[in-house]
Structure formats: structure tokens, C-alpha cells
Amino acid sequence: MNPSVNGSFWVSSRDELLVNPRLPENEKRAFEAAWAGERGRVAGPPRSRGGRVALPTSGSAGALKLVLLSKAALLAAAAGANGHLRSDASDVWLKTLPDFHVGGLSIHARAFVSGASVVDIAGSSAGGWSPEKFLAALGASGATLTSLVPAQLFDLVSAGKRPPPALRAAVVGGGALAPALYARSRDLGWPVLPSYGLTECGSQVATATLESLSAAGVDPTLALLPHVEARETPEGRLELKSAALLEGYLWPSGEASRFEDPKTDGWFATEDRGRVDAVNRALTVAGRVGDFIKIGGESVDLSTLEAKFEAAKLSAPPPGKDVAILAVPDERLGAVIHLLHEGPETAAIRSLIAAFNAKVAPFERIRSASGVERIPRSGIGKLLRAAALAAFEAER
């Protein structure tokens with residue numbers, strides 16, 4: 001089900017399903033049944049002749065859904081990313097994300113287009129990810145480029161690790177990068193390029209420029225990659241047009257499946273809010289469409305709170321266990337902020353709560369905390385909010 005992604009993969013007209021082999025068996029069966037039905041579909045919109053790839057989404061809702069991308073779309077995204085990063089055959093990519101995530105698959109696509117080399121350490125080491133293993137691989141491979149998610153960068157910064165001189169850029173995506181974490185990483189010498197992307201557009205949409213690495217300050221501007229057009233709706237939702245966009249969604253449903261093309265006149269409406277500077281081709285992402293909640297009548301942006309929580313974690317590190325903040329229903333106030341932590345509450349957890357509460361308005365403070373066995377996250381570390389809320393309810 002998960003083939004080797006090499007040169008022949010990209011020139012083959014074969015359709016491929018790439019899913020996490022560690023998924024529960026019932027979810028894997030649902031994906032496989034839906035994919036088998038889709039490959040046998042006769043009616044509906046025309047399909048790509050050069051082969052397609054089906055990938056699960058990596059969003060926070062947790063719904064079973066596949067994104068269908070043509071290989072041509074993935075290669076168009078790769079060419080755009082290579083141009084932005086000025087990547088060619090002299091580069092070596094160190095790959096830390098699996099092929100069943102678009103952030104990992106896209107690195108193979110970029111290398112195929114540019115002729116660069118790929119050193120793949122995704123899941124290759126016993127015990128999984130660690131800053132020490134990553135740094136050892138960076139040094140041994142002489143990698144010039146890599147891609148990380150914020151959680152991995154947090155681990156490197158928390159451990160005080162510095163990059164080897166050969167590394168010229170580390171693209172950080174898969175979630176919002178907190179300004180405090182960006183600043184700390186730059187202080188340690190990491191050539192960090194924050195980015196915004198999504199599975200539906202073949203990975204990167206907008207990324208900080210290489211010139212930002214020589215500029216002072218935080219929060220560098222995200223430049224739209226050359227293959228992407230963007231606009232905002234009157235409500236502030238971001239819409240994209242690109243040769244890299246998905247063909248559609250595939251929704252598993254028992255032994256059948258439902259195909260849906262969400263584009264309108266070639267434009268795809270994302271679930272993100274933001275602003276587009278059309279003159280400078282710059283993008284500002286302001287969080288998810290559903291991130292605003294009301295606490296006692298006050299409007300609260302969860303994405304802003306989560307950035308402040310990441311800053312608090314840097315000043316008061318949690319005790320090696322996962323932690324997350326969650327908006328939970330409250331009869332009096334509508335919603336309140338709650339802390340989930342794995343394992344029992346400790347002095348370090350209380351210190352983290354105090355550090356966070358000192359950074360926010362009184363109505364935004366953490367009002368309660370509870371321990372759970374495991375905080376539900378996606379394969380790249382995004383909090384699965386619906387599942388996390390269910391875990392909270394189960395512990396009440």
C-alpha cells in the first residue's frame with residue numbers, strides 16, 4: 001500500500017494510496033475500500049492521465065477523508081518550492097516526515113525535479129524522533145535543506161541544540177510557528193523559514209524568503225510561492241488557485257465512497273483566515289476559521305492563545321510529558337480554557353500554568369487542569385481538538 005517513492009514513482013501512471021500503517025485496522029480498511037471504489041469509478045469528472053496520489057488530511061477535525069492529488073500537481077508544487085529555495089542538484093535534503101504525509105512526500109518530489117539527494121530518516125530509528133538522532137543525521141549527511149514541524153523545532157530549541165554550518169535552510173510547516181519559538185531558534189543559529197501550506201495544495205503555499213535569514217526581527221513575511229495565487233473573501237477566509245491544487249476529496253462511507261471537488265472556478269476555499277498583499281505577493285495567516293470562541297462575552301482567538309502557550313512552555317518547560325490547552329464548554333461563561341496533561345499534575349505543570357496565565361488577559365487564563373493517558377494528535381503533532389475534548393469529557 002505504501003510503495004517506494006523514487007524516480008519511477010513520479011513517471012508512472014499508477015494511482016497510489018499512501019496511509020499511515022499504524023492507523024487502526026478499521027480506518028485502514030475504510031480508506032482501502034474507498035480507494036478501490038474510486039479507482040473503479042466511471043462517472044464523474046475526468047481524471048489525471050499521469051497517475052494520482054491519495055493522502056489522508058492532517059487537519060485537527062479528525063474526520064476520515066482522503067485528498068486526491070495528481071502527480072503532476074505535486075511536481076508543480078515541487079518546482080515552485082525549489083524556485084523559492086533556489087534548490088538544485090547540489091542540495092541534500094534530510095527528510096524527517098513520512099511519505100504518507102504531504103510534507104514528506106513533497107521532499108521526494110522536489111528532489112526528483114531538481115536532482116537533489118534525499119536522506120530519509122523518517123521512522124528509521126528505534127524510538128522515533130529525537131533531537132540527538134536528528135543532529136547526528138544532519139552532520140553525517142551534510143544536509144543543506146530540511147523540513148520540520150514546530151514540535152520538532154521546539155525539542156531542538158529546548159535542548160539548546162545548534163545546527164551544523166552546512167544547513168542553509170530549515171522549512172517549518174505543519175502548524176503555526178510561535179514568534180517566541182522562532183526568535184529562540186534564530187538565536188541558536190537555526191536557518192528557519194516559517195511556512196504555510198496544506199495537503200490540498202501539495203505542501204507549501206507561502207514561505208519566508210532566504211533573505212529573511214539575514215534580517216533582524218521576528219515574524220518574517222511569508223511570500224507566496226510562484227505557482228500559487230491567493231485572495232481573501234470579505235469574511236477574511238483565504239482562497240487559493242494553483243496547478244498544485246487537489247482534484248478532490250474522497251470520503252469513505254462503508255463499502256462505498258463519495259467524491260467531491262471543492263473548487264469553484266478553479267479556486268479552493270481553505271479553512272484559514274488571513275490577508276493577502278497582492279502587490280508584494282505576501283501572505284499573513286491569522287488562524288483557522290473556527291478558532292474564535294466567546295468567554296464571558298469576550299472574543300478569544302485560540303490560535304493566538306496557542307502561540308502564547310508555546311512561549312510559556314519555553315520559559316517553564318513541561319516535565320517531558322505532552323500538554324495542550326483546550327476550550328471547553330462552560331455553563332456560565334460559554335467556554336473556558338482548560339489544560340490537558342499526560343500523567344499526574346506536578347509542580348512543573350503548575351509552573352507552566354502560572355507562566356501562561358501571566359501572559360494573557362484574566363478571562364483567557366487556564367481555569368482548570370486534568371490528566372489524561374494520551375493527548376490525541378495527528379501524525380505531525382497537531383492537536384485533534386474534537387478527540388481531545390472527548391478525552392476531557394471522559395475524565396470529568
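The values are calculated or read from the model by the stated rules, or taken from the named source; none is laboratory data. All values derive from a computational prediction rather than experimental measurement. All Cβ positions, even for glycine, are placed from backbone atoms using ideal geometry, and neighbour counts span all protein chains on display.
Below is a table of values for the structure above.
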| item | result |
| --- | --- |
| Residues of the range 349-396 satisfying the condition of being crowded, with 18+ Cβ neighbours inside 10 Å, farther than 22 Å from G334 by Cα and of a type in the set (A, V, I, L, M) | I349, L352, A355, I375, I380 |
| Pairs where the first residue, in the range 222-250, is free of Cβ contacts under 8 Å to residues at least 12 places away in the same chain and the second is in a strand (DSSP E or B), C-beta under 6 Å, 6+ apart | none |
| Of residues in the range 200-209 being outside any loop (DSSP other than H, G, I, E, B) and touching a His at 6+ places or on another chain (Cβ under 8 Å), the one surrounded by the fewest Cβ atoms within 10 Å (Cβ to Cβ) | T207 |
| Lone qualifier among A151, A143, A137 - being farther than 21 Å from L383 by Cα, assigned to a helix (DSSP H, G or I) and touching a residue at least 24 places away in the same chain (Cβ under 8 Å) | A137 |
| One residue from K241, K161 being more than 30 Å from K313 (Cα to Cα) and either out of contact with any Pro (no Cβ under 9 Å at 6 or more places or on another chain) or at pLDDT 90 or above (or both) | K241 |
| Matching residues in the range 256-308 - criterion: being among the polar types (S, T, N, Q), part of a strand (DSSP E or B) and under 21 Å from the mean Cα position of the chain (by Cα) | T270, T284 |
| Selected residue (only one of W251, W267 is at pLDDT below 90 and in the same structural domain as L17 (by TED's automatic domain parsing)) | W251 |
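Condition check ((1) at pLDDT 90 or above; (2) among the hydrophobic types (A, V, I, L, M, F, W, C); (3) within 26 Å of S185 (Cβ to Cβ)) across all residues:
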residue	(1), (2), (3)
G296	no, no, no
A324	yes, yes, yes
G334	no, no, no
A347	yes, yes, no
A358	yes, yes, yes
L383	no, yes, yes
E395	no, no, no
